[in-house]
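Quick notes on the structure that follows.
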Amino acid sequence: MRWSQTFIPTLKETPADAEIISHQLLLRAGLVRKLTGGLYTFLPMGLRSLKKVEAIVRAEMDRAGAIEVLMPALQPPEIWHQSGRYQTMMDALYKVKDRANKEWVLGPTHEEVITHLVANEFNSYRQLPRNFYQIQLKFRDEIRPRFGLMRAKEFIMKDAYSFDVSDEAAMVSYRKMYDAYIRIFARCGLRAFPVEADTGVIGGNYSHEFMVPAETGENDVAYCESSGYAANIEKAVSRGPSVSTPADSSGPAPEKFPTPGVVTIDALAKAPFHVPPSHQIKTLVYMVDSKLTVLLVRGDDQLNEPKLIAQLGSIAVRPATADEIFAALGAHPGSLGAVTGVPASIPVYADRVLQGAKGMTTGANEDGHHYRHVEIERDIRITQWLDLRTVQAGELSVQVGSPLKIRRAIEVGHVFKLGTKYSEKLNATFLSEDGQRHPMVMGCYGIGVTRTLQAVIEQCQDKDGILWPLSVAPFEVCLSPLSVVPTSPAWQLAQRLYAELEAAGIQVLLDDRDERPGVKFKDSELVGFPLRLAIGEKSLAKGEVELKVRGGTLQVVKAEEAVQRIVDWVHSERAKFAA
Ligand code: ATP
Ligand code: MG
């Protein structure tokens, strides 16, 4: 391919609305262009890399025994009603109307469609296991599309769905996908690691996310280097807070005291009160599936909403408004507490760290007042003890007691063991050996293909541009003759080497633009081709050309040896990312 015959609109300036480096480089290297927020056009170089990521994903899915299909993006809402997700995924669904005013759904994911297919096609244990996958567009009405391809309204996902006869068999299918994911990310040159994950609205009971460490990620991962434990913060557990909870007997009864104007944990921690946050009970009021609910965590802890949702099996959870709170409890946020004034009809869930706590201080459910000497089990009616807190860095891991660390990461893939949630609702059943009918046991497995591509850029770049791993680079080699005058020796040699490299199966882009060397070099570094071969008139006079691995040092080699050197280097790089 010649540079002049394709379209690589590189930019000198950083686009103002691109916040993170990978988004900036996608635009600056001319890989994509924005149509509007969350919607992008892939330009030739971006498309070539995208196809390479897809090819790696496809090869590993095929190798793991998954079968490729292609399902419709446009879906009837009936199957979404059947699964119950018309309600639970309401906010994410794009809906369109046809000429008869009938509504359709643009698929954000495909559990419903594949389960419908499998329900109709398979009937016997003999036909299982099956695992179907596709590489397809997904549509999601994201609250905040941002960071380019990272969180888009429309994006490409590889999604796979396994169907098994038993839980045990489903674990085997899960493990195959898990292992395939490890290989896929490694072959894309991406450092990604699996972490235990919350299952969220998709349901199911066992799940891992594949995370790429990056400051710009939207997830926090807690991990322990000694044991290898790693979990999304939405799910992570520890041996408990670093500061222990007071448990000394505190007094005969809670004592109310005035705290005018004190409405935060911090304010109560300061003069004149000096109540450390770990000695306070934080009272939060939520609407959990439309039911007003009181939640208690320690003053220095944060409520973990995904944990709450997971343990209560609830669907819609939000903080109650100040009006809803006042109507139910008679006080405003900042003075809330559960010692008095919480009607028996309102459930009170408390974090397990508070179990046995004595000598605590909490709001009195009366503006401007708090209680001290609170013994939680004596003084508060607890409906249920739950794990409601978010772990903090430095807490000890459950496994070996080493301090947990927390870091930001980008989620590129997600594997779930689904169980029978969808197969029951959509009637995907089979006859077992003994003639009994059972729901199939499912798993589902997603990779954000477009997000993965951008995650590679986020991880592989320097001040000059992208440093593509060879496996996903748009071209392996950029050939830059520094003269394009047809009669010049540089151009003539370039033509010959170009033909030889192509004949040797090397993916080479010939920069045939009549540009200054500086421009050519800058562009080739920005787009990030793994190897550059420069042919200048001066060195050529000595029979030499210049090779430069992106991010490495310049090597001067004999023109006659250049092709072999390049072929050897490309082959050894390819081997690093091979199956
Ligand atoms: P997130 O938590 O980032 O919203 P998710 O958990 O909703 O993602 P899944 O339903 O697990 O996503 O989808 C599988 C994969 O699809 C994710 O691991 C991610 O790589 C990708 N993905 C999800 N949403 C988007 C999006 N809006 N834009 C690009 N890729 C996405
Ligand atoms: Mg996910």
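The values are calculated or read from the model by the stated rules, or taken from the named source; none is laboratory data. Every value quoted in this text rests on a predicted model; they were computed, and no experiment measured them. Note that we place each Cβ from the backbone using ideal geometry, even for glycine, and neighbour counts take in every protein chain shown. These area figures cover heavy atoms from the full protein model, side chains too; ligands, DNA and RNA do not enter into them. Shrake-Rupley method; radii C 1.70, N 1.55, O 1.52, S 1.80 Å.
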Long-range amide H contacts for TYR206: which residues qualify at under 5 Å (H placed 1.01 Å from N, peptide plane, sequence gap of 5 or more or a different chain)?
LYS417
Heavy atoms of the protein only, probe of 1.4 Å, neighbouring chains included. What is the accessible area of LEU27 in Å², nearest 10?
20
State which entries of LYS12/LYS576; LYS51/LYS97; LYS548/LYS576; LYS256/LYS282; LYS282/LYS358; LYS538/LYS558 exceed 22 angstrom in Cα-Cα distance in the structure shown.
LYS12/LYS576; LYS51/LYS97
What full-extension length gain, to one decimal in nm, is calculated for GLN384 and LYS256 as 0.36 nm per residue of separation minus the Cα-Cα distance?
43.5 nm
Within the stretch 481-553, which trypsin sites (Lys or Arg not before Pro) sit in a loop by DSSP and count at most 10 neighbouring Cβ atoms inside 10 Å?
LYS542
Expressed as a whole percent, how much of the Cα-Cα distance distribution for the stretch 1-113 exceeds 22 Å?
58
If each K or R counts +1 and each D or E counts -1, the residues other than LEU470 whose Cβ falls under 11 Å of its Cβ total +3
Quick one: 3J(HN,Hα) in Hz for the stretch 332-342, Karplus 6.51/-1.76/1.60 with θ = phi - 60°, rounded, Gly and Pro as x.
9, x, x, 10, 7, x, 10, 5, 9, x, 9
Förster-model FRET efficiency, 56 Å R0, LEU35 and HIS274, C-beta, rounded to 0.05:
0.45
Gyration tensor (alpha-carbon) shape descriptor, the stretch 327-428, a/c threshold 1.5
oblate
Using every alpha carbon pair in the chain, what percent of pairs falls into each 20 Å bin from 0 up to the bin containing the largest distance?
18, 40, 30, 11, 1, 0
How big is the accessible area of ILE67 in square angstrom, nearest 10, if you roll a 1.4 angstrom probe over the protein chains?
60
Computed FRET efficiency, Cβ-Cβ of THR340 and VAL96, R0 45 Å: what is it to the nearest 0.05?
0.30
At q = 0.11, 0.14, 0.23 Å⁻¹, what is the base-10 log of I(q)/I(0) for the stretch 150-276 according to the Debye formula with one equal point scatterer per Cα and no solvent? Please give it to two decimals.
-0.66, -0.85, -1.56
Globularity index of the stretch 255-297, i.e. its alpha-carbon radius of gyration over 2.2 N^0.38 Å
1.42
Hey, what's the stretch 114-165 come to in accessible area per residue, 1.4 Å probe, Å²?
42
Largest-first semi-axes in Å of the equivalent ellipsoid built from the Cα gyration tensor of the stretch 391-447 are 40, 16, 8
Viscosity 0.890 mPa s, temperature 25 °C: what is the translational diffusion coefficient of the stretch 258-388 from Stokes-Einstein with a Kirkwood Rh over Cα pairs, rounded to a whole number of µm²/s?
168
Taking every other residue with Cβ under 11 Å from the Cβ of SER207 and scoring Lys and Arg +1, Asp and Glu -1, one gets -2
Please list, ordered by chain and number, the residues whose modelled amide H lies under 5 Å from the amide H of HIS370; skip anything fewer than 5 residues away on the same chain.
PHE257, THR259, ALA364
As an exercise, use a Förster radius of 41 Å and the Cβ-Cβ distance of GLU13 and GLU500 to find the FRET efficiency, rounded to the nearest 0.05.
0.65
Accessible-area composition of the chain, carbon plus sulfur, in percent [1.4 Å probe]:
53
At a threshold of 8 angstrom on Cα-Cα distance, excluding pairs fewer than six apart, so keeping six or more, what relative contact order does the chain reach in percent?
17
Solvent exposure of the stretch 497-546 as accessible area per residue, Å², 1.4 Å probe:
41
Inter-label distance for VAL567 and GLN127, nm, one decimal - labels placed 7 Å from Cα along Cα-to-Cβ
5.1
³J(HN,Hα) across the stretch 441-454 via Karplus (A = 6.51, B = -1.76, C = 1.60, θ = phi - 60°), whole Hz, x for Gly/Pro?
9, 10, x, 9, 9, x, 10, x, 5, 5, 5, 4, 4, 5
Built amide H within the under 5 Å cut-off of ALA247, gap 5+
LYS358
Taking the Cα-to-Cβ direction at LYS538 and at ALA247 and moving 7 Å from each Cα, how far apart do the two end points lie in nm?
7.7
Alpha carbon convex hull of the stretch 120-196, projected area averaged over orientations, nm²:
7.5
Enumerate by residue number the GluC sites (Glu not before Pro) in the stretch 104-140 meeting two conditions: DSSP loop (anything except H, G, I, E, B), and at most 15 other Cβ atoms within 10 Å of the site's Cβ.
none
Computed on alpha carbon atoms, what radius of gyration and Dmax characterise the stretch 492-579, expressed in Å?
12.9, 42
Suppose only helical runs count, i.e. DSSP H with n ≥ 4. What mean residue ellipticity at 222 nm does that imply for the chain under -39500 (n - 2.57) per run, divided by all residues and rounded to the nearest 500 deg cm²/dmol?
-8000 deg cm²/dmol
Percent of beta bridges antiparallel (DSSP, the stretch 448-541, rounded to nearest 5):
20
